[in-house]
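The values are calculated or read from the model by the stated rules, or taken from the named source; none is laboratory data. In this text the structure is predicted, and so the values were computed from the model without any measurement. We place every Cβ from the backbone using ideal geometry, glycine too, and count neighbours over all the protein chains shown.
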Amino acid sequence: MHSFSEAFAEAASLLLSFDPALLEIVSLSLRVSLLAVLIAALIGLPLGALLAIGRFPGRNLLTIVVNTAMGLPPVVVGLVAYLLLSRAGALGPLELLYTPTAMVIAQTVLVMPIIAGLSRQSFVELHSEYREQLQLFGLSTRAQLKVLIWDARYALVTALLAGFGRATAEVGAVLMVGGNINHYTRVMTTTIAMETSKGNLAVALGLGMVLLLIAFAVNALVHSVRVRAERAAYV
Amino acid sequence: MYCEFLRRVLPIALASCVSAAAQAGTVLLQSTTSTQNSGLYDALLPQYTAATGDRVRVVAVGTGQAIRNARNCDADVLLVHAKAAEEAFVESGFGRSRSDVMYNDFVLIGPVANPAGIGSDMSVSEGLRALYDARAPFASRGDDSGTHKKEIALWLGASLAPEQHSGDWYLETGTGMGATLNIAVESNAYTLTDRATWIQFGNKQDHEIVLEGDESLFNQYGVIDVDPTHCPNVDHASATRFIKWLTGEPGQAAIAAYRVDNQQLFFPNAAP
């Protein structure tokens, strides 16, 4: 396949030229996905902790719902978000369709269950380890939550990275509610889909490599911070 | 604690995203993939913005979906290529008025080996009949787009019903023009496409135009302003301004001037 060598050349020239159009697309991708992960974490982490240590009716059902939602099809989320945000929809007056905000909302819905589900698992394991001590200290549920979130922080980073990966990789939802509008809602994945449809396969694949490279850089950054922090904790 | 954080941070974070959305003079244009993928808007819209200060945001989908989105009021202007559906859109009160903008034509593309033996001197009906009799693979959009509507009309005109062979040699892809072309190229199939998309398409491999020039392959593009009585939230002033420019002298000249590989892709024909 000659496309692959072409794609490597394309990726290299895209990166080396600091193409302003590419920078714009990459920057919007990162802003939308990071904001979505942030909001999803603010909801998902407490929800995961609550599902792990809370005792309330419907907890098992809610856990199953969250775990199911970890596999939400992006295109379905996009469709539901479109129907709600459309000017003819329930949230139409907000005028959010075809804006970056709509993309953040759709990605938050996709990512939140992943963060909640994965963090719940970490909390469950940690809690079974800590339960007796926590009870000994007579801590309130809220105080227990704080201790658990802090001590599980490295495992939780993995949950956040999984969410971030999902957000940057999906195309169905952002295409539907963002519309792939040039200079406004065009992100990495929608550009890749568009270039593929134009038959520019090398460009599309080159962009895909750039996307992977960015994901790698984010993961490397997080990993190095974690390693340094862990080392500091043991000194 | 989280609630307070959300209250403080979210408006700031979201505002940075939203700020560009609510400015005046922004036209939301629902349009077809053929006009976007051909690069026409990249050539046209900067000229319009320079002339008026208004910005145009293009959402490019199939004609059927573009019309549905516009019915939901998610557009200020609709620019598609399916005259009957466009007139129905206006008659139902969703659009105020429709004007011709430009035209080009559809072409039948297929493998160079041409297993169905379609001759360049054939009419469309004869070509489709040859294809049908040879059971040569044909990729249909199958997505209610302008090109799909045209294809259905052409089969009907040839008194043929290929749908009964769907999944056999008649392949309904249900996707956009580009994806359908990729499928046609990979599966040695024929397909119908507009000329602009084909000229600009980068993955032709061993496919070429096998039939063109028949009168019934005419491809008219029309523009419609979404009716503000039906959709009070549309920016009708900006929409009118854009349509006036597009169908007026500067817009028409810009359309005529747009070329790819020295070929003119769209021919302006708005009523003066």
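Just name the residue that is farthest from the other protein chains (Cβ to nearest Cβ) out of those in segment B:188-220 that are part of a helix (DSSP H, G or I) and farther than 23 Å from B:Tyr41 by Cβ. It would help to see each step written out before you state the result.
Kept after step one, since they are part of a helix (DSSP H, G or I), are these residues of segment B:188-220: B:195-200, B:215-217.
Cutting the leftovers down to farther than 23 Å from B:Tyr41 by Cβ gives us B:215-217.
On the way: B:Glu215: 28, B:Ser216: 26, B:Leu217: 21 Å.
Checking each candidate, the answer is B:Glu215.
Restricting attention to segment B:95-110, the residues that are in contact with an Asp or Glu (Cβ under 6 Å, 6 or more places away or on another chain) and farther than 26 Å from B:Lys204 by Cα total 3. Pairing residues of segment B:92-109 that are more than 18 Å from B:Thr32 (Cα to Cα) and in contact (Cβ under 8 Å) with a residue 12 or more places away in the chain with residues that are aromatic (Phe, Trp, Tyr) and part of a strand (DSSP E or B), at Cβ distances under 7 Å and at least 6 apart in sequence or on separate chains, gives B:Leu108/B:Tyr190; B:Ile109/B:Tyr190.
Restricting to segment B:79-120, count the residues that are assigned to a loop (DSSP other than H, G, I, E, B) and surrounded by fewer than 20 Cβ atoms within 10 Å (Cβ to Cβ).
Within segment B:79-120, the subset assigned to a loop (DSSP other than H, G, I, E, B) is B:81-82, B:92-94, B:112-120.
Remaining after also requiring surrounded by fewer than 20 Cβ atoms within 10 Å (Cβ to Cβ): B:92-93, B:112-115, B:117, B:119-120.
So the answer is 9.
Listed here are the residues, each with its yes/no results for (1) at pLDDT 95 or above; (2) touching a Phe, Trp or Tyr at 6+ places or on another chain (Cβ under 8 Å); (3) not assigned by TED's automatic domain parsing to the domain that holds B:Asn203.
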| residue | (1), (2), (3) |
| --- | --- |
| B:Ser31 | yes, yes, yes |
| B:Thr35 | no, yes, yes |
| B:Ser38 | no, yes, yes |
| B:Tyr48 | yes, yes, yes |
| B:Thr63 | no, no, yes |
| B:Cys73 | yes, no, yes |
| B:Val77 | yes, yes, yes |
| B:Arg96 | yes, no, yes |
| B:Ser120 | no, no, no |
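Scanning segment B:166-182 for residues that are within 11 Å of chain A (Cβ to nearest Cβ) and either in contact with a strand residue (DSSP E or B) (Cβ under 7 Å, 6 or more places away or on another chain) or without any contact (Cβ under 8 Å) to a residue 60 or more places away in the chain (or both) yields a count of 6.
If you go through segment A:56-64 one residue at a time, do you hit one that is surrounded by fewer than 17 Cβ atoms within 10 Å (Cβ to Cβ), aromatic (Phe, Trp, Tyr) and either farther than 30 Å from A:Glu125 by Cβ or facing chain B (nearest Cβ under 10 Å) (or both)? No: zero hits.
Within segment B:47-78, if we keep just the residues that are assigned to a loop (DSSP other than H, G, I, E, B) and at the interface with chain A (Cβ under 10 Å from one of its Cβ atoms), the residue that is nearest to B:Asn37 (Cα to Cα) turns out to be B:Val61.
If you take the residues of segment B:157-187 that are among the polar types (S, T, N, Q) and not in a loop (DSSP other than H, G, I, E, B), which of them is surrounded by the fewest Cβ atoms within 10 Å (Cβ to Cβ)? Talk me through it step by step, then tell me what you get.
Going through segment B:157-187, the residues among the polar types (S, T, N, Q) turn out to be B:159, B:164, B:166, B:173, B:175, B:180, B:182, B:187.
Among the residues that remain, those that are also not in a loop (DSSP other than H, G, I, E, B) are: B:164, B:166, B:180, B:182.
On the way: B:Gln164: 8, B:Ser166: 12, B:Thr180: 28, B:Asn182: 22.
So, considering only residues that are among the polar types (S, T, N, Q) and not in a loop (DSSP other than H, G, I, E, B), the one surrounded by the fewest Cβ atoms within 10 Å (Cβ to Cβ) is B:Gln164.
If you scan segment B:123-152, which residues turn out to be over 17 Å from the mean Cα position of the chain (by Cα) and either surrounded by fewer than 21 Cβ atoms within 10 Å (Cβ to Cβ) or outside the structural domain of B:Asn182 (by TED's automatic domain parsing) (or both)? Matches in segment B:123-152: B:Ser123, B:Ser125, B:Glu126, B:Arg129, B:Ala130, B:Tyr132, B:Asp133, B:Ala134, B:Arg135, B:Ala136. Take the conditions exposed (fewer than 13 other Cβ atoms within 10 Å of the Cβ), farther than 28 Å from B:Val234 by Cα and hydroxyl-bearing (Ser, Thr, Tyr) and apply them to A:Thr68. Does it pass? Yes: the conditions hold for A:Thr68.
Taking the stated definitions as given, is B:Asp225 of a type in the set (D, E, K, R), touching a His at 6+ places or on another chain (Cβ under 7 Å) and on the phi < 0 side of the Ramachandran plot?
Values: of a type in the set (D, E, K, R): yes; touching a His at 6+ places or on another chain (Cβ under 7 Å): yes; on the phi < 0 side of the Ramachandran plot: yes.
When the stated conditions are applied, B:Asp225 passes them.
If the condition is being over 22 Å from A:Thr168 (Cβ atoms) and of a type in the set (A, V, I, L, M), then segment A:59-79 contributes A:Leu61, A:Leu62, A:Ile64, A:Val65.
Does B:Ser145 meet the test of being within 14 Å of chain A (Cβ to nearest Cβ) and of a type in the set (Ser, Thr, Tyr)?
Numbers: within 14 Å of chain A (Cβ to nearest Cβ): yes; of a type in the set (Ser, Thr, Tyr): yes.
So B:Ser145 passes the test.
If you go through segment B:238-272 and keep only what is outside any helix (DSSP H, G or I), out of contact with any helix residue (DSSP H, G or I) (no Cβ under 9 Å at 6 or more places or on another chain) and closer than 16 Å to B:Tyr221 by Cβ, you end up with just B:Gly248.
Inspect segment B:49-56 for any residue being crowded, with 18+ Cβ neighbours inside 10 Å and out of contact with any Gly (no Cβ under 9 Å at 6 or more places or on another chain) and give the result as yes or no. Checking segment B:49-56: at least one residue is crowded, with 18+ Cβ neighbours inside 10 Å and out of contact with any Gly (no Cβ under 9 Å at 6 or more places or on another chain). Within segment B:124-158, being at negative phi and basic (Lys, Arg) holds for B:Arg129, B:Arg141, B:Lys149, B:Lys150. Residue count for segment B:119-145 satisfying the condition of being hydroxyl-bearing (Ser, Thr, Tyr) and more than 21 Å from B:Thr180 (Cα to Cα): 3.
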